Amino acid sequence: MSGPVARPILRVSDLEVRYGGVPAVRGFGFEVYPGEVLGLIGPNGAGKTTTLFAIMGILEPSGGEIEFEGSVINRLPPERIARLGIAMVPEGRRIFSEFTVEENVRLGLMGRADAGGEADDLDWVYSMFPIIDEFRSRTAGQLSGGQQQQLAIARALVSRPRLLLLDEPTLGLAPVIVDTLFEALGQVRGRGVSMVLVEQRAQLAVQFADRTIVMRDGELVTSLEPSDASDADRLANAYFGS
Ligand code: ATP
């Protein structure tokens, strides 16, 4: 093997996060490389959402370090982290159902580092999600669950993040809609956006991601490759332990 080794876009080392005195994330660490999709799976309460919140600056770690593009970001507020180029699609989508689709998308512009190129970025997401383009003037509450999820992703993308954090994007969606959503995520990947994908559908995540890490009780358990997706025993073992 030869050639330059890419610097990770995100490096999480020895991360500790507590709620009150109770540890939720304990010495957790991983790296994401430019353009990589990293899956993050694990049972309920493993600490996945807590990890994403710590990266986004919503929760302050009690230990460890989070580096984005070589700079430590642990002590920065969420709006600064967003302007550096990280966006999050939270669990449950959090769209504004009384606002139009277009108004919801435009809310994402608030996370931008600068106002230049807004029109190009709006064109970018509308071309990526044609259904969102078509329904621009509808109120967001009229969209189906899968369409709302695409809207939430579009809203996150108009800030033109280099790293997108997705927390259970398929939650509550029917299987056929899940396929559509993953096609859309494939397009996001095609644009070179790095992603951390927290997903309950373990097999789907392992198949889609370049690499998937498994978390349990706040700690890293193992790492899986796409080829592990068809190995049900390996998946179940990694997920629940044996
Ligand atoms: P899920 O798949 O259920 O969303 P998760 O892997 O995202 O699970 P977290 O939500 O990060 O897990 O929770 C990690 C641990 O922290 C759990 O034990 C949970 O009960 C606890 N926890 C989460 N949020 C809080 C909170 N606001 N206050 C206290 N404890 C919390």
Rounded to the nearest Å, what's the spacing between the alpha carbon centres of the stretch 137-168 and the stretch 183-221? Just the number, please.
17 Å
Radius 10 Å from Cβ of Pro8, net charge of other residues (Lys, Arg +1; Asp, Glu -1)
-2
Of the residues Leu151, Phe96, Ala174, the Cα lying farthest along the dipole of the chain towards its positive end, which is defined by charges on the beta carbon of Lys, Arg, Asp and Glu, belongs to Phe96
Please give the length that would be gained between Gln187 and Ile58 if that part of the chain were fully extended, namely 0.36 nm times their separation in residues minus their C-alpha to C-alpha distance (nm, one decimal).
43.7 nm
So the angle from the long Cα axis of helix 118-128 to the longest Cα principal axis of the chain, reported in degrees to the nearest 10, equals 80 degrees
Env charge @ Ile132, Cβ radius under 15 Å, K,R +1 / D,E -1, value -2
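Counting only helical runs of four or more DSSP H residues, what would the 222 nm mean residue ellipticity of the chain come to if each run contributes -39,500 (n - 2.57) and the total is spread over all its residues? Intermediate results must be reported in sequence, preceding the final value.
Details: 9 runs with 84 residues, N = 242.
When only DSSP H runs of four or more count, the value is -10000 deg cm²/dmol.
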Just to be sure I understand the curve: with the Debye formula and one point per C-alpha of the stretch 45-189, what is log10 I(q)/I(0) at q = 0.19, 0.21 Å⁻¹?
-1.16, -1.33
By how many nm would the segment from Ala119 to Asp14 grow when fully extended, if each residue of separation counts as 0.36 nm and the alpha-carbon distance is taken off?
33.8 nm
Of Leu166, Leu197, Leu181, which has the largest mean-square fluctuation in a 10 Å C-alpha GNM of the chain?
Leu181
Got a sec to turn the phi values of the stretch 82-92 into Karplus ³J(HN,Hα) couplings, 6.51 cos²θ - 1.76 cosθ + 1.60 with θ = phi - 60°, whole Hz, x for Gly and Pro?
4, 5, 6, x, 10, 10, 10, 9, x, 4, x
Over the stretch 1-124, one equal point on each Cα, no solvent: what is log10 I(q)/I(0) by the Debye formula at q = 0.11, 0.13, 0.17, 0.21 Å⁻¹?
-0.48, -0.65, -1.01, -1.29
Can you work out the base-10 log of I(q)/I(0) for the stretch 141-202 at q = 0.16, 0.25 1/Å, using the Debye formula on its C-alpha atoms alone?
-0.48, -1.18
Computed over the chain, the distribution of all Cα-Cα distances in 10 Å bins, rounded to whole %, is 8, 32, 36, 20, 4, 0
The helix 145-157 Cα axis meets the longest alpha-carbon principal axis of the chain at an angle in degrees, between 0 and 90 and rounded to 10, of 90 degrees
Go ahead and set up a Gaussian network model of the chain, Cα springs under 10 Å, then flag whichever of Gly111, Gly42, Gly192 fluctuates most.
Gly192
Solvent exposure of the stretch 27-107 as accessible area per residue, Å², 1.4 Å probe
43 Å²
With springs connecting C-alpha atoms under 10 Å apart, model the chain as a Gaussian network and identify which of Leu224, Leu164, Leu40 has the largest mean-square fluctuation.
Leu224
Which percentage, to the nearest 5, of the DSSP beta bridges contained in the chain is antiparallel?
55 percent
For the chain, take the longest principal axis of its alpha carbons; what is the angle in degrees between that and the long axis of helix 175-190, to the nearest 10 within 0 to 90?
90 degrees
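Please report the net charge: other residues with Cβ closer than 14 Å to the Cβ of Gly35, K and R +1, D and E -1.
Overall, the nearby charge balance is +1.
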The chain, dipole about Cα centre (Lys/Arg Cβ +1, Asp/Glu Cβ -1), debye to the nearest 20
320 debye
Gain in span if fully extended, Arg138 to Ala6, counting 0.36 nm per residue against the direct Cα distance
43.2 nm
Accessible surface of the chain, 1.4 Å probe, proportion on carbon and sulfur as whole %
49 percent
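So for the stretch 9-52, considering every pair of alpha-carbon atoms, how many percent are separated by more than 15 Å?
Beyond 15 Å sits 47 percent of the P(r) for the stretch 9-52.
The values are calculated or read from the model by the stated rules, or taken from the named source; none is laboratory data. No experiment lies behind these values; they were computed from the predicted model shown. Methodologically, a virtual Cβ is constructed for each residue, glycine included, from the backbone with ideal geometry; neighbour enumeration extends over all protein chains shown. Heavy atoms of the whole protein, side chains included, go into the accessibility calculation; ligands, DNA and RNA do not. Shrake-Rupley method; radii C 1.70, N 1.55, O 1.52, S 1.80 Å.
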